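In what follows, a single structure is set out as structure tokens and then discussed.
Laboratory data are not the source of any read-out in this text; all were calculated from the coordinates shown. What you are looking at is a predicted structure, and each value in this text was computed from that prediction instead of being measured. We place every Cβ from the backbone using ideal geometry, glycine too, and count neighbours over all the protein chains shown.
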Amino acid sequence: MNTKTFRIKRAVRGKNGRAENRKLSSRGIQTTIMVTFTVVSVSIMLILGLTLYGRFSVLYSQSTEESTQRLMNQTCLNLEDHLVSMRRISEAIYYNVVSESDIHDQNLQREMYLIYEANKDSIVSVALYGNSGSLISAEPVAEQKEDPNVTKQDWFVQAVDKVENLHFSTPHIQNLFDDATSRYYWVISLSRAVEITENGTPQMGVLLVDMNYSTISQMLEKINENENGQYYYLCDSSGKIIYHPKQSQILSGLFSENSKKAAGYKDGVFDETFEGEHRKIVVNTVSYTGWRLVGVIPDQAFTYGMFDIRYFIVILLLLMVMILLFIGRMVSIRISGPIMKLNDSVRAYEAGEKPRIYIGGSQETQHLGYSIQKSYEQIETLMHEIVEEQNTRRKSELDALQSQINPHFLYNTLDSITWMVEDKRNDDAVFMIMQLANLLRISLSKGRTIISVGDELQHARNYMNIQKTRYKDRFSVTFEEDPAIRQYCTVKLIVQPLLENAIYYGTEGMDEDGEIRVGGRICDGDLFISVTDNGVGMTEEEVNSLLLDNGHAHKHGSGVGLVNVHNRIRLLFGRKYGLMIESEPDEGTTVTIHLPAVPYTEENRERLEKGNLLPAGDIH
Amino acid sequence: MKENRKAFIILEIVLAAAVLILTAAMLVRDYQKPHRVSVILRNPEESQWAALRFGLKQAAKDRNVALVIAGTGDLASAEDEKEQIQEEIDNGAKALIVEPSPGSGTGAMLEEMSKKIPILLIESKAGDSENLSYPAAAEADNYAMGQAAAKEVLKDFSGRLDGKRIGILSGSQGTEAGVSRKQGCLDILKDSGGTVIWTLESMETAQNAEALIQEKEKADIIIALNDPALEAAGKCNQEGDLKGALLYGIGNSTETVYYLDQDLVRAIIAPDEFMIGYQAVCETAESLDNFFRKPESRTADYRVLRRDTLFAEENQQLLFAISQ
């Protein structure tokens, strides 16, 4: 095996290696590290983000509920303060004015005026009515409408029904006095039954304080400035709306409120679903009135507040993923870089290059690189040794094949010379000795295996001259080679065995003289040397068996069979070359030597001697 | 290696783009201003528009709309109104709610302007809107209100007005709403046996209106078909200048309610101005939220007010709105 063969094997192994690498490249070490790192980091970030978001949501909900409750408590206190002040106005008028004066007393009007003036920002009017609904006194002084039907108005009915209580009405348009400015007042009436004195006679009357609705509505409007959907409304104990930010929409049927249910709740926080929307309801009861201040926190209010936090968390997560990807890539490059360099150098080696195996990176990678380098060096050494060994063995084999010529032929030739000397045929003996000397000179050829075709044919001529003398010219030989072929390379001693076969198998036993023709030509860049006899020929089976190296000795000849010649040519020039045999029984046989046409130069000879096959491009 | 690097760079770019988009979206959301919607009304501060203004404001609050109420003179022409609309557009209005000016050419002008910006008419269609499909209008059923006013008269006279002389204060000045109301009223009166002895179309100012009414021939029944007309007639009645005529009409101001309360007006047909205003803003906001949606016409209800039921529970909302 030569170096080229070894390279071919490495290339084959390289192909398998590449297939393996393709499999590896789909899940390269860098990708694996990066993906693993990123997936783990992103998962942790996601879990962290979701946990944080969940925690924020809970805290935000709790905070919203608590702030709603605080705000409602404060508003309730404000409302109660306002209502208490209204009660005090009513009580002041009753206990300090009405119960102390006769209804015809001028003092009654004056005292009522003073109280009204002191509180006119929050009250629309104060009025004292008799049991039959007749107006006794009113502030501000105004003309009563023609027939306001006082006794049928709710505030009057309630006051008369439950004389011991103060009654707060729901908001309504005041329908008592004639206001020439065409104004109508939206009021909440505080009414109570009072004992009045007319000309010393106690009677039942009704004291009415009409509170300005706008005082309460402004108080509640202030807390209804949220944009998140949260709102507060006020209703009485039966659920009738007193204030609602969408009061007109409710009255117009554009909006609805679950106030009746809310009025049934005790104070606290409740969950409810109203018109398909889940919401939290915070209820506070306003003292003295039984009114309910209701805070409504729809789910939308929680999500509204969380909207920015959601955005923020998503942006934070994306940024963290970006950074983690970057860190992951850096870490994976740091870890996998030396391994990939090592891998690249191994791949280059497998592809037939001879790079230096990468030794670097971490201690483990360095050790790995060092081990691979050492292994490859050892493999190279071993391969070189194997090639050397193979070359030596091949040369020994060639030498052994060539050495088979000598004993048989020498014995026969010297035997012939002996006979010639004994017969006093000295000239013939001299000729024979000269031919033999020449033959031996070429046979030896200073130990070379490769000689020129000219020398080889000269060797063949010498041989035939000896044989013709021995066989007493029982056959004729003709050399018809193209003179151009003489300066090409050939393995030595390959024509002579063919001639020997032609003599023994071709002409022996023939009645007439045998004819042997030696030809030579170059055709399509190859060299062909043929030996043709007109002997007995062979059958096709015999021809086919001739080149089979089955170890059977041939019964005639020098012992160097066609098989030997065939093997020698193929060993040196490759399996493409060798012998070709054509034969017809009783017609003759042609054996053709097929060789590459390698010009006989010292350089080519040396390369062939070393066993290097010459590519076509290298032949010059 | 190269493919990994390419994928890494693409991923980083995509993530960076997502961060930028989200940040921009967050900032845009924080600084997003509500749509500005301008309302063009004739004499917007008059008390007849109190409920309308209240409805407009409530809807603007509910729909997060920046509402601007702009006024025109008493007798704006189509040309004046066009200038006013252009001025509002120049001031940044994204949509307009317009009370169409009386007279011809208004419809064509509004249709032309509505190609620039969503426009919804209020209170009335354009005078020549029969041949126009757009702009739409938010209004009460004017024809039905005209009919209702006449029916209230008939109720007080057991369904027959034989021998009664009727004066009609249309005050329409050629608006489509005025024409419809008058037509509705006349359609009911035509078989009632009564005779419409005069009709007063144009009343430029309150003083002018009162003078014009006083000049008219004595009628048994006067029907005022819009709020200024009813208010002017109510005032005349208060001063004893209606010569004993019974007054009916369409009105939506505290003044007309006051005259009803004082028994100077027998019945009022009160359009739900709160609902008209509310629906107008909602409709406009819808068209602003949805680029492909044009404002559509909306019709509000009306109420019949009589003195004895004026302060009844069912009328409290109406009184609440007009007393804002």
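What does the average come to when, for each residue of peptide A:245-255, you count the partner chain Cβ atoms lying within 10 Å of its Cβ?
Working: counts 3, 3, 4, 12, 8, 1, 7, 12, 3, 9, 2.
Whole-number average of other-chain Cβ neighbours for A:245-255 is 6.
Using only Cα atoms and rounding to the nearest 10 degrees, what angle (0 to 90) does helix A:453-470 make with the longest principal axis of chain A?
The angle comes out near 40 degrees.
May I ask you to list the aspartates and glutamates whose Cα is less than 16 Å away from that of B:LYS125, ignoring any residue fewer than eight positions away on the same chain?
Result set, ordered by chain and number: B:GLU81, B:GLU99, B:GLU111, B:GLU112, B:GLU139, B:ASP141, B:GLU176, B:GLU273, B:GLU283, B:GLU296.
Please work out the FRET efficiency for the pair B:ARG29 and B:LYS116, using the Cβ-Cβ distance as r and a Förster radius of 30 Å; give the result to the nearest 0.05.
Numbers: r = 28 Å, r/R0 = 0.92.
E(calc), rounded to 0.05, equals 0.60.
Could you list A:CYS235, A:CYS523, A:CYS489 so that the one with the fewest beta carbons within 10 Å of its beta carbon is first and the one with the most is last? Walk me through the numbers on the way to the answer.
On the way: A:CYS235 22, A:CYS523 9, A:CYS489 27.
Placing the least packed residue first, the sequence is A:CYS523, A:CYS235, A:CYS489.
Classify the stretch B:142-271: rounded, prolate or oblate, from the alpha-carbon gyration tensor (a ≥ b ≥ c, eigenvalue square roots; a/c under 1.5 rounded; otherwise prolate if a/b is larger than b/c)?
On the way: a/c = 1.29, a/b = 1.16, b/c = 1.11.
Rounded, since a/c falls under 1.5.
Please work out whether the stretch A:167-215 counts as rounded, prolate or oblate from its C-alpha gyration tensor, where a ≥ b ≥ c are the square roots of the eigenvalues and a/c under 1.5 means rounded, while otherwise a/b larger than b/c means prolate and anything else oblate? List each step's numbers first, then the result.
Numbers: a/c = 3.97, a/b = 1.80, b/c = 2.21.
Note, shape of the stretch A:167-215 comes out oblate.
Using +1 on the beta carbon of Lys and Arg, -1 on that of Asp and Glu, and nothing else charged, what's the dipole of the stretch A:404-618 about the Cα centre, debye to 20?
On the way: 22 positive and 33 negative charges, 225 e Å.
For this selection, approximately 1080 debye.
Going by average Cβ density within 10 Å per residue, which order do the peptides A:459-469, A:308-318 take, highest to lowest? Kindly include the intermediate steps, with their values, before the conclusion.
Details: A:459-469: 21.8, A:308-318: 16.5.
Those peptides, ordered most packed to least, come out A:459-469, A:308-318.
Please average, across the residues of B:312-320, the number of beta carbons from any other chain that are within 10 Å of each residue's own beta carbon, and give a whole number.
On the way: counts 0, 2, 1, 1, 6, 7, 4, 5, 9.
Across the residues of B:312-320, the mean count of other-chain Cβ atoms within 10 Å is 4.
Mind giving me the nanometre distance, one decimal, between the label points for B:LYS243 and A:ALA437, set 7 Å out from Cα along Cα→Cβ?
Those two pseudo-labels are separated by 17.9 nm.
Can you flag which of B:LYS57/B:LYS116; B:LYS82/B:LYS116; B:LYS57/B:LYS294 are past 18 Å Cα-Cα? Walk me through the numbers before you get to the answer.
Values: B:LYS57/B:LYS116 24 Å; B:LYS82/B:LYS116 12 Å; B:LYS57/B:LYS294 21 Å.
Violating the 18 Å Cα-Cα cut-off are B:LYS57/B:LYS116; B:LYS57/B:LYS294.
By how many nm would the segment from B:VAL14 to B:TRP198 lengthen if fully extended, with 0.36 nm per residue of separation less the alpha-carbon distance? Before the final figure, lay out the partial values.
Numbers: separation 184, 0.36 × 184 = 66.24 nm, distance 7.79 nm.
Using 0.36 nm per residue and subtracting the Cα-Cα distance, I get 58.4 nm.
Can you give me the Rg/Rh ratio for chain A, using Cα atoms for both radii and the Kirkwood formula for Rh?
1.72
Which of the lysines could a cross-linker bridge to B:LYS216, judged by Cα under 26 Å and excluding same-chain residues fewer than eight apart?
B:LYS216 reaches B:LYS151, B:LYS155, B:LYS164, B:LYS182, B:LYS190, B:LYS235, B:LYS243.
Hey, can you rank A:347-354, B:219-226, B:88-95 by average C-beta count inside 10 Å, highest first?
On the way: A:347-354: 13.6, B:219-226: 27.0, B:88-95: 16.9.
Top to bottom by mean Cβ count within 10 Å: B:219-226, B:88-95, A:347-354.
Give, rounded to the nearest 20 debye, the magnitude of the charge dipole that the stretch B:142-271 has about its Cα centre when Lys and Arg contribute +1 at Cβ and Asp and Glu contribute -1 at Cβ. Could the numbers behind the result be given before it?
Numbers: 13 positive and 19 negative charges, 93 e Å.
About 440 debye.
Checking the a/c ratio against 1.5 first, then a/b against b/c, what shape does the Cα gyration tensor give for the stretch A:404-618? Before the final figure, lay out the partial values.
Working: a/c = 1.78, a/b = 1.27, b/c = 1.40.
It is oblate, given that a/c is not under 1.5 and a/b is not larger than b/c.
Given a Förster radius of 30 Å and the C-beta distance between A:ASP586 and A:ALA484 as r, what FRET efficiency does 1/(1 + (r/R0)^6) yield to the nearest 0.05? Spell out each step's value before the answer.
Values: r = 34 Å, r/R0 = 1.15.
Efficiency, from the Cβ-Cβ distance: 0.30.
Which lysines, if any, have their Cα less than 26 Å from the Cα of B:LYS6, not counting same-chain residues under 8 positions apart?
Within the straight-line cut-off, B:LYS6 pairs with A:LYS23, A:LYS341.
To the nearest 0.05, how large is the calculated FRET efficiency for A:ASN426 and A:GLU606 if R₀ is 45 Å and r is the Cβ-Cβ distance? Don't jump to the answer; show the numbers that get you there.
Values: r = 43 Å, r/R0 = 0.95.
Working from the Cβ atoms, E equals 0.60.
Report, by chain and number, residues whose modeled amide H sits under 5 Å from the one on B:THR199, excluding near sequence neighbours (fewer than 5 apart, same chain).
Residues meeting the amide H criterion: B:ILE168.
Which residue fluctuates the most in chain B, going by a Gaussian network model with Cα springs under 10 Å, if the choices are B:THR23, B:THR299, B:THR106?
In the Gaussian network model the winner is B:THR23.
Between B:ASN4 and A:LYS260, how many nm apart are label points set 7 Å from Cα along the C-beta direction?
In this crude spin-label approximation the distance works out to 7.2 nm.
For helix A:29-91, what angle does its Cα long axis make with the longest principal axis of chain A, in degrees from 0 to 90 and rounded to 10?
On a 0 to 90 degree scale, this one is about 0.
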